[in-house]
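Remarks on the structure that follows.
The values are calculated or read from the model by the stated rules, or taken from the named source; none is laboratory data. Worth saying up front: this structure is predicted, and the values here are computed from it rather than measured. Cβ atoms come from the backbone with ideal geometry, glycine included; neighbour counts cover every protein chain shown.
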Amino acid sequence: MRLHHQQSLLLIVDFQAGLLPVIEGSEFALEEAAWMAGVANALQVPVWLTEQYPEKLGGTASALLSTLGEHQVWQKLHFSVMEEPEFVHTLQAQSVRQIVICGTEAHICVLQSALGLLEAGYEVFWLSEATASRRRDEARLARERACANGAVAVTADMVAYEWLNRCDTTTFKEVHQRFLKPRSPRAVTFF
């Protein structure tokens, strides 16, 4: 199954200021999520963010918010956003079937949200580089569990190129120029 930008939504879970300092690899995950959101905005893919109990964990990290274009923020008390009736109702009203999901913590809110989306019949794509937990093993096990239940592990480049679909359009050229050139820390130098 391939991703199609017209059927997709990018769901960024709980990249919150009070939580990120204890997340292993949070800076890289945050950078990848912001990059993916930029591509999503360029292709008019909806970008939704969640915040778990922001009164205690703070809002979405300013480093992410400052890079985002169009987006919607959902506050939640349940670990799975699919337990929040307003979110579910609004999602059902969208013409999306494919959810690209990332965020923190992988083994709690991201996993429970992914499982809830799968239970509701959505195609779930686990954005591996942009999903993290306090401990790397928990993030790995969360991805394995989500995938064992039907999610598909993907990278940001996989998503971007599937959304773009072809290389001979003005949109591809614009997105390629802004986002798809090698970027740090993933840029590779050949000697």
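Summary of values
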| item | result |
| --- | --- |
| Residues of the range 12-37 that turn out to be surrounded by fewer than 18 Cβ atoms within 10 Å (Cβ to Cβ), assigned to a helix (DSSP H, G or I), in contact (Cβ under 8 Å) with a residue 40 or more places away in the chain and not β-branched (Val, Ile, Thr), as a count | 1 |
| Residue match in the range 141-154 (condition: hydrophobic (A, V, I, L, M, F, W, C), under 23 Å from Leu3 (Cα atoms) and either touching a His at 6+ places or on another chain (Cβ under 9 Å) or modelled with pLDDT under 95 (or both)) | yes |
| Odd one out for Leu49, checked against (1) assigned to a loop (DSSP other than H, G, I, E, B); (2) within 19 Å of Val124 (Cα to Cα) | (1) |
| Checklist (1) more than 13 Å from the chain's Cα centre (by Cα); (2) closer than 18 Å to Val100 by Cα; (3) surrounded by 15 or more Cβ atoms within 10 Å (Cβ to Cβ) applied to Glu70, failing item | (3) |
| Residues of the range 138-156 classified as under 10 Å from Leu115 (Cβ atoms) and of a type in the set (S, T, N, Q), total | 1 |
| Conditions (1) surrounded by 15 or more Cβ atoms within 10 Å (Cβ to Cβ); (2) over 18 Å from Val152 (Cα atoms); (3) of a type in the set (A, V, I, L, M); (4) out of contact with any Leu (no Cβ under 8 Å at 6 or more places or on another chain); number of the one not met by Val110 | (2) |
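Conditions (1) modelled with pLDDT of 95 or more; (2) among the hydroxyl-bearing types (Ser, Thr, Tyr); (3) within 20 Å of Tyr161 (Cβ to Cβ), marked per residue:
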| position | (1), (2), (3) |
| --- | --- |
| Leu65 | no, no, no |
| Gln72 | yes, no, no |
| Val96 | yes, no, yes |
| Leu111 | yes, no, no |
